[in-house]
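Below is one structure; the comments refer to it alone.
The values are calculated or read from the model by the stated rules, or taken from the named source; none is laboratory data. These figures come from a predicted structure and were not determined experimentally. Every residue, glycine as well, gets a Cβ built from its backbone with ideal geometry; the counts of neighbours run over all protein chains shown.
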Amino acid sequence: TTLKIPSPLRTYTDGQAAVQVQGETVADALESLVEQHPDLRQHLFNGQGELRPFVNLYLNSEDIRHLQKLATPIQDEDRLMIVPSIAGGSSLVDHSAIRTNQALIISLSVIAFILNLPWLVLLVALVMAVGTALKLPGFGFVYRWLLKPLKLIKPDLLEDNPEPHWFAQGFGAVVLAIGAITLFAGASIVGWGLVWLVILLAALNLFVGFCVGCAVYYWLGRLEVPGFVQPPPEDTLP
C-alpha cells in the first residue's frame, strides 16, 4: 500500500513524498510507517497513541472517519494520504470528480446548442447551482455513484483549496442561467454566446488544466475582497 506524505511532514521521511507500508488495516499501515520513520510518531499520535485531531487520513478518496476509522481494512492497491489540517492551508480535492463535472457540463451544453434546447441549458445551470450550494461538483453524483464504483475512473486526490472550484462553478451557473433566460427571450446570438463562453472555460480547465474561475478567486483574494480568503497552492498561478 502506498501512503502519501504531505509536504510539512516530508522532513521526517527523508524527503519522500510516498512510502510503501504493510498491514491489513489503516492502523497497521501507520504503524509500518512510523517503524520506518520513527520521528513521525509524535506528529501523528498523542501520548495515548491516538491519532492527533489535526491529522486527516484518506483511503483512496474517502475520509477514514466516514469508514471504520483506524480499523478500516486496506488492500495492496489502495492509496492512503495524510493531510494535516493547518489553518489557511489546503485540503484534499478529488480532481477526477471535477473533471467529470466539467465533461458533463461541456457535453450537455453542446447537445443543447445542437438541438436548440434552452431548457437543457437551464437544467445544467440548476445542477451547477445546487452543487455550488452543497459545495460539491454539480454532476459529481455521476462520478460517485457510477464511474468510481465501476472503477471506470480512479480518484485523483490532490492537496488543493475547494473554495475556488465552487466559486468557478457558481459563476458558470450564473452565466448559463443568464444565457438560458436570454434564449427564452429570443436573443439567440447573445444566449448561445454565453453558453459557449461556459463551454470554452470548462474545456480550458478540462483539457489544459487552467481554471479561469479559480484564478479570478485568487486575484480577488489578493485585492482583499471579503470572502476570498484562501491563498493559492505553492507553485501555481496566479
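Odds and ends about this structure:
- Residues in the stretch 35-81 that are touching a Pro at 6+ places or on another chain (Cβ under 6 Å) and either crowded, with 18+ Cβ neighbours inside 10 Å or among the small types (Gly, Ala, Ser) (or both): 1 in all.
- Scanning the stretch 16-34 for residues that are touching a Leu at 6+ places or on another chain (Cβ under 7 Å) and assigned to a helix (DSSP H, G or I) gives 26, 27, 29, 30, 33, 34.
- The stretch 143-165, subset touching a helix residue (DSSP H, G or I) at 6+ places or on another chain (Cβ under 9 Å) and farther than 19 Å from residue 205 by Cα, residue surrounded by the fewest Cβ atoms within 10 Å (Cβ to Cβ): 152
- From the options 223, 176, 150, 200, residue that is free of Cβ contacts under 8 Å to residues at least 12 places away in the same chain and closer than 16 Å to residue 102 by Cα: 200
- Within the stretch 1-21, the set of residues being out of contact with any strand residue (DSSP E or B) (no Cβ under 9 Å at 6 or more places or on another chain) and either within 21 Å of residue 157 (Cα to Cα) or surrounded by 15 or more Cβ atoms within 10 Å (Cβ to Cβ) (or both) comprises 10, 12, 15, 16.
- Tallying residues that are crowded, with 16+ Cβ neighbours inside 10 Å and at pLDDT 95 or above within the stretch 118-136 yields 11.
- Any hit, the stretch 188-205, residues being surrounded by fewer than 16 Cβ atoms within 10 Å (Cβ to Cβ), touching a Phe, Trp or Tyr at 6+ places or on another chain (Cβ under 8 Å), of a type outside the set (Ser, Thr, Tyr) and closer than 19 Å to residue 106 by Cα: yes
- Boolean, residue 105 is in contact with a helix residue (DSSP H, G or I) (Cβ under 9 Å, 6 or more places away or on another chain), surrounded by 20 or more Cβ atoms within 10 Å (Cβ to Cβ), part of a helix (DSSP H, G or I) and of a type in the set (A, V, I, L, M, F, W, C): yes
- Which numbered condition residue 182 misses (of (1) hydroxyl-bearing (Ser, Thr, Tyr); (2) modelled with pLDDT of 95 or more; (3) within 23 Å of residue 60 (Cβ to Cβ)): (3)
- Within the stretch 35-59, the only residue that satisfies the criterion of being at pLDDT 85 or above and part of a loop (DSSP other than H, G, I, E, B) is 37.
- When each of 177, 168 is tested for being more than 17 Å from residue 93 (Cα to Cα) and modelled with pLDDT of 95 or more, the lone residue that passes is 177.
- Which listed residue, of 170, 221, 179, 131, is under 30 Å from residue 80 (Cβ atoms) and of a type in the set (Gly, Ala, Ser): 131
- Residue pairs whose Cβ atoms lie under 6 Å apart, separated by 6 or more positions or on different chains, with the first residue in the stretch 128-143 and in the same structural domain as residue 157 (by TED's automatic domain parsing) and the second surrounded by fewer than 18 Cβ atoms within 10 Å (Cβ to Cβ) and outside any loop (DSSP other than H, G, I, E, B), are 132/170.
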